[in-house]
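So the structure is just underneath, and the comments pick up after that.
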Amino acid sequence: MNDKESKRGLPRHVAIIMDGNGRWAKARGLSRSMGHQQGVETVREITTVASNLGIEFLTLYTFSTENWNRPPQEVAALMSLILTAMEEKLFMENNVRMRTIGDISRLPQEVRDAIRGLEQRTAVNTGMTMVIALSYSARWEITEAMKAIAAKAADGKIDTADITEDTVSEALTTSFMPDPDLLIRTGGEVRLSNYLLWQCAYSELYFCDTFWPDFHEADFMKALETYKNRERRYGQTSEQVQQ
C-alpha cells in the first residue's frame with residue numbers, strides 16, 4: 001500500500017463533484033434551487049460520515065467559475081444558499097476545519113465575510129479539513145500559479161532551470177493538502193469539468209449515475225470500497241507495488 005494512504009486502505013483525501021441537483025429537482029417538478037437545497041443536506045450527511053471514518057481532507061466542488069454563466073436568479077439563489085449552508089454547528093460537532101479555494105473575490109461581500117469568519121472560528125478544530133471550491137476552476141488556478149512563478153523568475157528569486165513539479169504544486173491554492181486519492185462524481189457525467197486537473201493526475205476516479213441529493217452514506221461507502229479494491233501503481237508494475 002502506498003505510504004500516502006490510510007493504513008486502513010481509506011483515502012486520505014476525497015474530492016467530490018456534486019452533480020445532479022438541478023436534474024434531481026426537474027424530475028420532481030421542483031425548482032433548481034430546491035435541488036441545491038437538498039444537495040446541502042447531502043453535504044451535511046457525507047461530511048459527518050467522512051469525518052467519523054477519519055478521512056483527512058474532503059474537497060467539494062461547490063461553485064465553478066463557469067457557473068457564473070448560469071441564469072442570474074439561479075446564481076443569486078446559490079449565493080444565498082451558500083450563506084445558509086455555513087452551519088457552524090456541523091463543523092464544531094464533527095471537529096472539522098473549513099478552508100476555501102477559488103477566486104472568492106468575485107463573491108458578494110456578505111458571502112466572503114461569512115466564509116472568512118467560519119474559517120477563523122473552525123481553525124481550532126483538529127479533525128478533518130473540508131475544502132470548499134468556490135468560484136474555482138483548475139485552469140484559473142494553474143494560470144495564477146504560472147503568473148506567481150513567472151514573477152519570482154523576473155525578480156530573480158528563482159531560476160527557470162530550477163522549476164520542478166513541486167514548484168508548481170507549491171504555487172497552487174491547494175498547497176496545504178495532499179493530492180486527492182479518490183475523486184467521486186455523481187450525476188452520470190463522466191468528465192472532470194475543470195476540477196483539480198493538476199492534482200488529480202494519479203487520483204482514482206469513481207463515477208456514478210446517482211444524483212447528488214440521492215447520494216447517501218451507503219453510496220459513499222460503495223465508492224470507498226471500490227477504491228480499496230484498486231491497485232495504485234503510479235507507473236510501476238503490479239510486482240513492484242506488491243514488493
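The values are calculated or read from the model by the stated rules, or taken from the named source; none is laboratory data. Treat the numbers as computed from the prediction; the structure is a model and nothing was measured. Cβ atoms come from the backbone with ideal geometry, glycine included; neighbour counts cover every protein chain shown. For accessibility, only protein heavy atoms count, side chains too; no ligands or nucleic acids. Shrake-Rupley method; radii C 1.70, N 1.55, O 1.52, S 1.80 Å.
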### Summary
With criteria (1) assigned to a helix (DSSP H, G or I); (2) surrounded by 12 or more Cβ atoms within 10 Å (Cβ to Cβ), Ile158 comes up short on (1)
### Query
From Arg99, Arg116, which residue is in contact (Cβ under 8 Å) with a residue 60 or more places away in the chain and open to solvent by 60 Å² or more (accessible area, probe 1.4 Å)?
Arg99
### Query
If you go through segment 197-225 one residue at a time, how many are touching a strand residue (DSSP E or B) at 6+ places or on another chain (Cβ under 6 Å) and either among the aliphatic types (A, V, I, L, M) or not in a loop (DSSP other than H, G, I, E, B) (or both)?
5
### Query
Does segment 220-233 contain any residue that is exposed (fewer than 12 other Cβ atoms within 10 Å of the Cβ), within 19 Å of the chain's Cα centre (by Cα) and free of Cβ contacts under 8 Å to residues at least 24 places away in the same chain?
no
## Note on the structure
If we take segment 38-141, then helices (runs of 4 or more DSSP H) inside it with 1 or more residues that are closer than 23 Å to Leu172 by Cβ and among the polar types (S, T, N, Q) are 109-122
### Query
Are there any pairs, at least 6 apart or on different chains, whose C-beta atoms fall under 6 Å, with the first in segment 169-193 and closer than 16 Å to Ala223 by Cβ and the second hydroxyl-bearing (Ser, Thr, Tyr) and in a loop (DSSP other than H, G, I, E, B), and if so, which?
Pro180/Ser203; Leu183/Ser203; Thr186/Thr210
### Query
Pairs, please: C-beta under 8 Å, at least 6 apart or cross-chain, first residue in contact (Cβ under 8 Å) with a residue 24 or more places away in the chain and in segment 30-47, second open to solvent by less than 30 Å² (accessible area, probe 1.4 Å) and among the β-branched types (Val, Ile, Thr)?
Ile46/Ile16; Thr47/Val96
### Message
Against the definition (in a loop (DSSP other than H, G, I, E, B), of a type outside the set (Ser, Thr, Tyr) and open to solvent by less than 20 Å² (accessible area, probe 1.4 Å)), how does Gly9 come out, yes or no?
### Response
yes
### Those residues of segment 71-96 which are within 14 Å of Arg116 (Cβ to Cβ), aliphatic (A, V, I, L, M) and surrounded by fewer than 19 Cβ atoms within 10 Å (Cβ to Cβ), in sequence order
Leu83, Met86
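Residues checked against (1) more than 27 Å from Met92 (Cβ to Cβ); (2) aliphatic (A, V, I, L, M):
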{"site": "Thr160", "(1), (2)": "yes, no"}
{"site": "Val168", "(1), (2)": "yes, yes"}
{"site": "Leu197", "(1), (2)": "yes, yes"}
{"site": "Phe215", "(1), (2)": "no, no"}
{"site": "Lys228", "(1), (2)": "yes, no"}
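Output the number of residues of segment 119-138 satisfying the condition of being of a type outside the set (Val, Ile, Thr), without any contact (Cβ under 8 Å) to a residue 60 or more places away in the chain and touching a helix residue (DSSP H, G or I) at 6+ places or on another chain (Cβ under 9 Å).
Counting residues in segment 119-138 that are of a type outside the set (Val, Ile, Thr), without any contact (Cβ under 8 Å) to a residue 60 or more places away in the chain and touching a helix residue (DSSP H, G or I) at 6+ places or on another chain (Cβ under 9 Å) gives 2.
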### Query
When you go through (1) assigned to a helix (DSSP H, G or I); (2) among the charged types (D, E, K, R); (3) closer than 25 Å to Leu10 by Cβ one by one for Asp179, which number turns out not to apply?
(1)
